[in-house]
Amino acid sequence: MNLKSIIKQIWDGDGKALDEEQSAGESRIGQLKKEFSQHPSKGLTPEKLHKIMEEAEQGNLLSQSELFEDMEEKDPQIGSDLAKRRQMAAELEWQIAAPENATPAEKKATEFCSEVLGGLDIEDLIIDMGAGIGHGFAMLEVPWDREGDKRAVKQPELRPHSWFRLHPDDQNKLMIRDESATGAEPWALGWVQHRHRARPGYIARTGLHRMLAWPYLFQNYALGDLAQLLEIYGLPARLGYYPRNASEKEKAALLRAVVSLGNSAAGIVPEGMKIDFLQASQGRADMYKVMLDWCEQAKAKVILGGTLTSGTGEGTNTNALGNVHERGLASLIGSDVRQYAATIRRDLLWPMAALNFGVEDLNRAPKFWLDTGEVEDYKVLAEALPTFVGMGMKIPQWWVHEKSGIPKATDEDDILVAGPTVSPSGENDFGALTRKRQAALAALRAKPIVDDATSDQLGILAGEDPTETWSNQIRTLAETADSLEDLRDKLVEMIPDLDATQLADLMAEAMSAAHLAGRYDIVEGL
């Protein structure tokens, strides 16, 4: 169903998403709020994990979703690395812009959407959507509000992944669990349905937790074995001796004393019995540490694209390798934010633009993006572009704006203009040109290469500055003007009286100076 038909359905009175949340009330969907997790990570085995994943592939996401929640909660590295990846995206500056060649209605839609999103907590929104990195999807329920005659979204709320299942006939269609065989379809305009493609496949298999589940399981086994090793071989063995005629009661008392000595280092035994402490066995934990290190590095690679951005790399790694890992992480963050932006544009900005301003095409909806700061070096661009343009390349302005990260000015913006360049000595361009002109004159007069044409040019340059009359008149106006507005008005009145031939003389002088400067360089052997 396209947005146009959805809007028609809503205005015909059949839609409910604008008036209430789908999970509200005492419906079967509302009852999902009262469910508690079964924590399938308890007693997790390879057989159990394989069964959970098989059920998810068949559409039942309940156990897999609850397992993934346990993994983030119980494993410090999985939780912290995923939080780092989500937070890095959430901290970026966000922007909304109108589409190219926007109509008046599209411009108004952009202004309205920008105002609405400015009242939301975008950082929380991005972090909630980031839950889709591990699960493959994130479903946020959208409440709506009315602002005058306009409809506006309020802060979307993340719903537990365990609420959802896959449609039995379409493994890429999310449904809300209820008592039916297929589940309830999410209401139109009532949800932000973010599908995060951290890896290819359909929904049940696109989350990173599918790859993290096995290192998580193996690490739990290794930790359990290591704990058992430390418990057995970390303490000295205690051996109790009792007489041959000891009763069962006396034997039990001796056993309690031996056990108590292991925990509290204190105990009593009946007379005639004794306890010996044997040297602790020299068990080695190297094999368990190898397994633990492998699991830690595997999880870091899956989540952050490398080990050096997670603190699990070895101390011998070089700074260059660390930079490579940082670039890999930046690439992952760039992919994340592009997916977030596409979802926000489709499920938040487009509905508001369509409902309030009649923007029916998604491609004409306001654009949303998070600024990753990935721009080209200004100095490299400034040096390379004139060369390429001089070679005849036709470079569009939008490309330069995109590469430099400099926004394109609108009609209402004040635009920067180039002023006279000042040299380190304090001279402007005209002063530097005059100094070079005088040096060229002196050199050319002393050299035998001066021909008739050059002599004519020398005569021009030796003359009076053509702009001196203009400068004097403008200086007089500036001294007598009462205000900037008065100076502006007098300058406008003076323009018809200025001799345009003087400007032509100035341009001729500049061309002559450039020509003579070149000849001067030849004379000097530059």
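The values are calculated or read from the model by the stated rules, or taken from the named source; none is laboratory data. These figures come from a predicted structure and were not determined experimentally. Because the Cβ atoms are built from the backbone with ideal geometry, glycine has one as well, and the counts that use them run over all protein chains shown. Remember, those area values only see protein heavy atoms, side chains included, never the ligands or the DNA or RNA. Shrake-Rupley method; radii C 1.70, N 1.55, O 1.52, S 1.80 Å.
Criterion applied to P407, P420 was being in contact with a helix residue (DSSP H, G or I) (Cβ under 8 Å, 6 or more places away or on another chain), at pLDDT below 75, open to solvent by 90 Å² or more (accessible area, probe 1.4 Å) and over 25 Å from E93 (Cβ atoms), and the one residue passing it is P420. In segment 324-348, of all residues being farther than 27 Å from G119 by Cβ and of a type in the set (D, E, K, R), the one that is surrounded by the fewest Cβ atoms within 10 Å (Cβ to Cβ) corresponds to R327. Scanning segment 385-405 for residues that are assigned to a loop (DSSP other than H, G, I, E, B) and either farther than 17 Å from D371 by Cα or more than 27 Å from the chain's Cα centre (by Cα) (or both) gives M391, G392, M393, K394, I395, P396.
Within segment 350-363, the residues that satisfy the criterion of being open to solvent by less than 70 Å² (accessible area, probe 1.4 Å) and either at negative phi or modelled with pLDDT under 85 (or both) are W350, P351, M352, A353, A354, L355, N356, F357, V359, L362. Residues in segment 364-385 that are open to solvent by less than 80 Å² (accessible area, probe 1.4 Å) and either modelled with pLDDT of 85 or more or not hydroxyl-bearing (S, T, Y) (or both): 13 in all.
Only one of the listed residues (L32, L44) is aliphatic (A, V, I, L, M) and either part of a helix (DSSP H, G or I) or modelled with pLDDT under 90 (or both). That residue is L32.
Scanning segment 43-83 for residues that are charged (D, E, K, R), in contact (Cβ under 8 Å) with a residue 24 or more places away in the chain and surrounded by 15 or more Cβ atoms within 10 Å (Cβ to Cβ) yields E57, E66, E69, D70, E72, D75, D81.
Taking first residues from segment 240-259 that are assigned to a loop (DSSP other than H, G, I, E, B) and partners that are among the small types (G, A, S), the Cβ contacts under 6 Å between residues at least 6 apart in sequence or on separate chains come to P243/G272.
What are the pairs with Cβ atoms under 9 angstrom where one residue, in segment 347-371, is within 13 Å of T103 (Cα to Cα) and in contact (Cβ under 8 Å) with a residue 40 or more places away in the chain and the other, located anywhere, is acidic (D, E) and crowded, with 19+ Cβ neighbours inside 10 Å? Sequence gap at least six, or different chains. The qualifying pairs are A353/E106; F357/E106; V359/E106; R364/E106; A365/E106; P366/E106. I'd like to know if segment 189-196 contains one or more residues that are touching a helix residue (DSSP H, G or I) at 6+ places or on another chain (Cβ under 9 Å), without any contact (Cβ under 8 Å) to a residue 40 or more places away in the chain and buried (at least 17 other Cβ atoms within 10 Å of the Cβ). Scanning segment 189-196, I find no residue that is touching a helix residue (DSSP H, G or I) at 6+ places or on another chain (Cβ under 9 Å), without any contact (Cβ under 8 Å) to a residue 40 or more places away in the chain and buried (at least 17 other Cβ atoms within 10 Å of the Cβ), so the answer is no.
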